[in-house]
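Here is the structure we will look at, set down as structure tokens.
The values are calculated or read from the model by the stated rules, or taken from the named source; none is laboratory data. Here the structure is a predicted model, which is why all the values come from computation and not from measurement. Here Cβ is always computed from backbone atoms with ideal geometry, including for glycine, and neighbour counts include all displayed protein chains.
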Amino acid sequence: MSDLHSNMEDVLKKVSDLKVLFEFGEKIVPILESLTQFLDETVPLLESINESILESSNRMPEASTQIDSVTSATELATTEILDLVDEITDKIGNTKNILLNSKKKVNMQLELMEKLKNTVQENPEAVKLVDELISSFTKYEEIETTEKILTEVEEASYKITLSLQVQDITSQQLAAVNHLIIAVHEKLDNLLNAIDKSAVEKGVSLSEKKLQSGQHFDADAAYSKDKDLQKDVDTIVEEQQQKASQAEIDKLFS
Amino acid sequence: MEPNFLVVDDSVTMRRIVTNSLKALGYTQYIEAADGKEALEKLNANAGVNFVITDWNMPVLSGLELTKAIRSHPEKSNLPILMVTTRGVKEDILQALQARVSNYVVKPFTPKILKEKIDAILATV
């Protein structure tokens, strides 16, 4: 009889637990429902993010290639400009040689005219004609002025050459950007692989351009005509060279 | 001493600009290399080279590595080396001096600066 009583108590306890569970269930079901709804809404969002990352990642090699193309194009254009400047410089050199010969010829002709003038000095009409002939001749000074202008053009051409250093400097900046793109691409690829292994199976191209260990660019390269930059460098070099010289002297006395 | 230059730079443009500047300064003897490795090969093949003008940032072997290689070379260790680079921060300059470059020029350079440095180096040779 007491066993039966004990079993009944157990059953009632279990029923009571079950009642608590049902009450808890009633409370949790709406939460579970909203969680399910949240997940339903979140999954497409996550898929969209995943696709967006995938799309961005896929575009990166293209961006990187475009940067390479820009560098190649500017290098090609720079080489063409340098070729033209060389051609101009050569032509200026040739023209200067021609002018030099002209100067010699003018000198010679003027000397001959003076001789002729001396020969015909008893004939005033002839002297007048020779003088007119002399004054109609190309002036020596005019040739010198032309030479001066040519030298100025030559110097300007050379300055164009020097300004083209900007190509090397910008190509280093572009290489730095390229390096950054490849690094981000690698990170995104790793992220995509972690989120969805199928990205690789779907044939998504992974970074073909792997980061190289040695950088051959200066990310801080800048095209600056600030003369103080070289002065600062010179100061450091001089300081260090003086230190080195002093160290050598000290070594001799030690 | 008539300088016989080895101009080392991976940029075709910069090699042209440096060699054009050398020509403008009256120097006629020079050869070129596109990186440090090629420079070492050319140094070994051309005994007449007695002055190196090198960039820092280059593929394969950088200008700094080239400097170190030259300084530890049994026959070429005393070659004058002028570093011409975009790297202008103090740490870089000190690193280059530690590797024993003879002098240092920041890009963009002018022929005047180049001449000054070449003359200063030649005066000590």
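Quick notes on this one:
- Residues of segment A:71-87 that are surrounded by 15 or more Cβ atoms within 10 Å (Cβ to Cβ) and either of a type in the set (A, V, I, L, M) or at positive phi (or both): A:I81, A:L82, A:V85.
- Within segment A:137-173, restricting attention to residues that are hydrophobic (A, V, I, L, M, F, W, C) and within 12 Å of chain B (Cβ to nearest Cβ), the residue that is nearest to A:I88 (Cα to Cα) is A:I160.
- Scan segment B:97-115 for residues that are without any contact (Cβ under 8 Å) to a residue 24 or more places away in the chain and within 9 Å of chain A (Cβ to nearest Cβ) and the total you get is 9.
- In the set (1) among the aliphatic types (A, V, I, L, M); (2) modelled with pLDDT under 95; (3) in a strand (DSSP E or B), B:L82 fails one condition alone, (2).
- Residue in segment B:61-84 that is farther than 27 Å from A:Q241 by Cβ and either over 11 Å from the mean Cα position of the chain (by Cα) or polar (S, T, N, Q) (or both) present: no
- The set of residues in segment B:1-27 being assigned to a loop (DSSP other than H, G, I, E, B) and either more than 14 Å from chain A (Cβ to nearest Cβ) or not small (G, A, S) (or both) consists of B:M1, B:E2, B:P3, B:N4, B:D9, B:D10, B:L25, B:Y27.
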